[in-house]
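Scroll down for the structure; my scribbles are underneath it.
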């Protein structure tokens, strides 16, 4: 079973609440990209904005921290229990400590890896996380082309930890979602394929059908 998370960074930022209300009945939660203009060359939501968005929906939040200091965000975010918080392996030498902090907040710690990062590099950390986000584009910008060569990572991760939940983010659309779901990805963040559509509700319905 897959879970679809519209990535609000590609929505109309002046109408985020309307987008949430429109898509809530059709999605499993919402994905929020947090970029600090240091770890990645872009700047998006701050903690206050993330917290406000989280309060506006009853659905699960999936916060993707593309930041130099993920530990700091553990102290500034206010999310419901069960929210997913992804932080990058490449961003900190303190992955175990960050995962522990997220767990103590009753959130789900999720280790994100860039397309060039090998599964073997994070193998020692799979004891402290039950969720891994495999990036299928280089982090920092939406609208990039899906990188097919990352798909085998899903199987590699499942071999190391069969009950691991795998998420994927980047370039996922009607042409790629079936392969993503077939590879074993359960949590899927989707940006342009939903919000570039004239009918976002129809787009998410079509994506869910294609993934089946």
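The values are calculated or read from the model by the stated rules, or taken from the named source; none is laboratory data. Model, not experiment: these values are computed from the prediction. Every residue, glycine among them, receives a Cβ derived from its backbone with ideal geometry; neighbour counts consider all protein chains shown.
Tabulated values for the structure
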read-out	value
Where residue 197 falls short, out of the listed (1) in contact with a strand residue (DSSP E or B) (Cβ under 9 Å, 6 or more places away or on another chain); (2) closer than 21 Å to residue 33 by Cα	(1)
Restricting the range 13-27 to residues that are part of a loop (DSSP other than H, G, I, E, B) and within 19 Å of the chain's Cα centre (by Cα), the residue that is modelled with the highest pLDDT	27
Residue that is more than 23 Å from residue 60 (Cα to Cα) and touching a residue at least 40 places away in the same chain (Cβ under 8 Å), where the choices are 151, 160, 133	160
Residues that are over 20 Å from residue 148 (Cβ atoms) and touching a helix residue (DSSP H, G or I) at 6+ places or on another chain (Cβ under 8 Å), drawn from the range 121-138	121, 122, 123, 125, 126, 128, 129
Pair list, Cβ < 7 Å and 6+ apart or interchain, from the range 182-202 residues that are more than 16 Å from residue 169 (Cα to Cα) to residues that are in a strand (DSSP E or B)	none
Failed condition for residue 76, given (1) in contact with a helix residue (DSSP H, G or I) (Cβ under 9 Å, 6 or more places away or on another chain); (2) surrounded by 19 or more Cβ atoms within 10 Å (Cβ to Cβ)	(2)
Filter result (touching a strand residue (DSSP E or B) at 6+ places or on another chain (Cβ under 7 Å) and at pLDDT below 95) within the range 143-156	none
Condition met for residue 38 (under 20 Å from residue 144 (Cβ atoms), free of Cβ contacts under 8 Å to residues at least 60 places away in the same chain and not in a helix (DSSP H, G or I))	yes
